[in-house]
Amino acid sequence: MATHFLSLKDFTKEQILNIVSLGLEIKKNTKNKIFNKELENKTLAMIFEKSSTRTRVSFEVGISQLGGSGLFLSSNDIQISRGEPIKDTARVISSMCDLVMIRTYEQSKLEEFAKYSSVPVINALSDSYHPCQLLADYMTMVEFDKTDNPKVAYVGDGNNMTHSWLLLASKLGFDLNVATPKGYEVDSDVLDMAYSFAKSSGSNIKIFNDPREAVRGVDVVTTDTWVSMGQEEEKQKRINDFAGYLVDDKMMSLAHKDAIFLHCLPAYRGQEVSDEILEKHAKTVFTEAENRLHAQKGLMVWLKNFN
Ligand code: CP
Ligand code: NVA
């Protein structure tokens with residue numbers, strides 16, 4: 001059975017750090033124009049049920065830099081959209097391709113696909129998790145020297161990004177403050193899982209309702225859109241309910257004076273983050289975006305070696 005990358009919960013601290021280190025090494029080589037063709041002649045199927053800029057570009061460019069090729073499959077254009085079962089699609093695609101990445105809604109669809117796939121399946125975002133993003137985020141923390149016992153604050157919606165931060169922090173053992181408005185809390189199952197991983201890793205996970213309390217003194221502040229893909233109809237209600245959660249100068253000034261700001265992007269200026277903060281922290285935020293490319297090359301090579 002292939003090893004898949006569906007959620008950080010299935011990986012050890014050592015494995016996560018190995019993937020990030022591999023990504024950093026590949027990034028260094030890429031900057032020196034050294035391209036090791038470690039996935040020569042391999043094909044990555046890329047199934048998208050939702051929009052994407054970073055994920056699509058980083059996977060497609062990434063596999064090509066590794067000597068392979070990417071096959072973009074919009075779910076509207078394949079038979080899944082006409083009702084072909086996931087288990088049949090998985091068996092067909094994995095008989096012809098060497099890796100599959102999927103961006104979808106329910107985590108259960110990824111799990112179903114993985115169950116029937118003979119090759120590794122990568123979660124490229126589901127409603128529950130966005131583990132590839134967290135590889136890039138941690139890589140950015142390494143590069144900006146924020147991995148020595150860091151304190152991170154996530155303020156905003158209790159969504160796929162929050163869940164992924166909870167798993168990363170509790171696996172790696174760093175402290176995480178999470179602030180969400182009432183009614184937008186993280187899933188209790190994910191929180192319980194994070195608390196249980198935190199027991200052995202030493203991570204201190206704290207939940208707040210006041211974002212200002214959460215960011216006080218931290219080394220990394222992060223947020224995400226208040227309106228994730230699929231929630232467009234709730235947009236106005238969400239904007240009202242998230243009042244007070246804008247990361248602006250005033251909010252950032254409560255963090256450590258050298259704190260960095262991270263955002264997975266796309267960002268909605270004036271909602272979760274002010275234009276000033278995004279521009280002031282453009283160096284970290286756009287390095288984080290670029291790191292999707294290198295972290296996922298690390299992931300694909302790691303999966304190839306592991307499987
Ligand atoms: N951060 C991220 O996944 O961006 P895209 O939706 O553009 O892929
Ligand atoms: N939470 C956002 C992340 C986008 C990269 C969404 O799911 O739309």
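The values are calculated or read from the model by the stated rules, or taken from the named source; none is laboratory data. These numbers come from a predicted model, not from an experiment. Note that each Cβ is placed from the backbone with ideal geometry, even for glycine, and that neighbours are counted across all protein chains shown. Heavy atoms of the whole protein, side chains included, go into the accessibility calculation; ligands, DNA and RNA do not. Shrake-Rupley method; radii C 1.70, N 1.55, O 1.52, S 1.80 Å.
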> Restricted to region 55-100, and to residues that are within 16 Å of ligand 2 (Cβ to nearest atom), open to solvent by less than 60 Å² (accessible area, probe 1.4 Å) and of a type outside the set (Phe, Trp, Tyr), which residue is nearest to the chain's Cα centre (by Cα)?
Replying inline: 55
>> Looking only at region 277-307, how many residues end up being away from ligand 1 (no atom under 13 Å from the Cβ), open to solvent by less than 10 Å² (accessible area, probe 1.4 Å) and closer than 17 Å to residue 21 by Cα?
In response: 7
> Would you call residue 17 touching a residue at least 12 places away in the same chain (Cβ under 8 Å) and either in contact with a Phe, Trp or Tyr (Cβ under 7 Å, 6 or more places away or on another chain) or assigned to a loop (DSSP other than H, G, I, E, B) (or both)?
Replying inline: no
> Name the residues in region 20-41 that are aliphatic (A, V, I, L, M) and not in a loop (DSSP other than H, G, I, E, B), would you?
Replying inline: 20, 22, 24, 26
> Taking the condition crowded, with 19+ Cβ neighbours inside 10 Å, closer than 24 Å to residue 306 by Cα and more than 18 Å from the chain's Cα centre (by Cα), does residue 124 pass?
Replying inline: no
